[in-house]
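Structure record follows, encoded as C-alpha cells.
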Amino acid sequence: MTVATKPLFGVVIFPGSNCERDTVHVIKNVIGAPVREIWHKDSSLDGVDAVVLPGGFSYGDYLRCGAIARFSPIIETVIEFARSGGIVIGICNGFQILLESGLLPGALIGNASRKFICRNVYVRVERNNIPATDGIEKGEILEIPIAHHDGNYICDAKTMAELEANGRIVLRYCDENGDVTPASNPNGSMGNIAGICNAEGNVFGLMPHPERCAETLLGNTDGRRFFESLCSR
C-alpha cells in the first residue's frame, strides 16, 4: 500500500509578520505536513511545493500594506514560482502582498468603518476547484475570524466583471444562512469579496485567518479545511 506524501510547505516571514507561528503550527502539528520557514531576504524557496504568505504587519504597514514587502528578495522568487504553476496562498497581509506584487488584481484599502475589525465572520465558498478549496463543497458556509484595518477589496469595473465571469471570486462574506448582504459585509469590500484567485487557480488570497480556527481546542475547525484541501492533491 502506498502512503500519499504530503506537500512541503514554505511559510515566508517578514519583519512584522505575526501569524507565521500559528500557520507553521497548523501545517506541522494539526495537518501533519512538512513545513519550512523562509526568511524574506532569502532568494530560494528550497524545493517547497506550496508557499504561504502569512498575516501580520510586514514592515509595519508603512507606506501601504504589503507595498514594501513586495520588494523583498523572496517575492521575486515567489512570483516566478507562481507563474510556473506553483501554489501560493496569501492570508490577510499576505493577500495584500499578492495584490501589490501583481499576482492578483485589485487593491485593499481601509475598512469602510475606518476601524480595525477583529471578530468571526461567515464566508460562502463560491469556487471549490482550486487547490485550497477542492476539499470543500461549493456553497458551504464557513465561520472564520478576521483581524484587519485594510480589508476593503476594490477594483475597477472591468476587473470586477472578469472576476465574476471567470469564477475567480472564491469566498464571499455572508450571514450564517449563506445570504450575501450588505449587513454581512464587515469591511465594505466590492461584491462582498473575502478571497479571490488568479486565472489558473494556483494563487489564492483571502482576508480571513483559517490558521486561527483549525483546532477543536479553539472551538472551530473550519479553517483546517483549506489546509487539508492543499494536502489532498
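Scanning region 79-94 for residues that are within 26 Å of Leu142 (Cβ to Cβ) and buried (at least 20 other Cβ atoms within 10 Å of the Cβ) yields Ala82, Ile87, Val88, Ile89, Gly90, Ile91, Cys92, Asn93, Gly94.
Pairing each residue of region 153-181 that is at positive phi with any residue that is surrounded by 14 or more Cβ atoms within 10 Å (Cβ to Cβ), provided the two are 6+ apart or on different chains, yields C-beta distances under 7 Å for Gly167/Arg127; Gly178/Arg124; Gly178/Ile141.
Only one of the numbered conditions (1) of a type outside the set (Asp, Glu); (2) surrounded by 21 or more Cβ atoms within 10 Å (Cβ to Cβ); (3) closer than 28 Å to Ser58 by Cβ is violated by Gly201, and that is (2).
In region 6-65, of all residues being aromatic (Phe, Trp, Tyr) and out of contact with any strand residue (DSSP E or B) (no Cβ under 9 Å at 6 or more places or on another chain), the one that is nearest to Val88 (Cα to Cα) corresponds to Tyr59. Of everything in region 61-78 that is over 15 Å from the mean Cα position of the chain (by Cα) and of a type in the set (A, V, I, L, M), the residue that is surrounded by the most Cβ atoms within 10 Å (Cβ to Cβ) is Ala69.
Listed conditions (1) touching a residue at least 60 places away in the same chain (Cβ under 8 Å); (2) touching a Ser or Thr at 6+ places or on another chain (Cβ under 8 Å) are all met by Arg70, apart from (1). Count of region 95-123 residues, restricted to those that are surrounded by 16 or more Cβ atoms within 10 Å (Cβ to Cβ) and over 19 Å from Arg172 (Cβ atoms), is 5.
For beta carbons closer than 7 Å, sequence separation of 6+ or different chains, a first residue in region 208-222 that is among the basic types (Lys, Arg) and a second that is surrounded by 11 or more Cβ atoms within 10 Å (Cβ to Cβ), the qualifying pairs are Arg212/Asp22; Arg212/Pro145; Arg212/Gly223. Within region 97-137, the set of residues being among the charged types (D, E, K, R) and closer than 20 Å to Gly151 by Cα comprises Glu100, Arg114, Lys115, Arg119, Arg124, Glu126. Selection of region 152-198 for residues being surrounded by fewer than 21 Cβ atoms within 10 Å (Cβ to Cβ), closer than 23 Å to Asn129 by Cβ and of a type in the set (Ser, Thr, Tyr) yields only Thr159.
All of the numbers you see were taken from the coordinates with simple rules; none came from a lab. These numbers were taken from a predicted model, which means no experiment stands behind them. In this analysis, Cβ positions are derived from the backbone assuming ideal geometry, glycine residues included, and neighbour counts consider all displayed protein chains.
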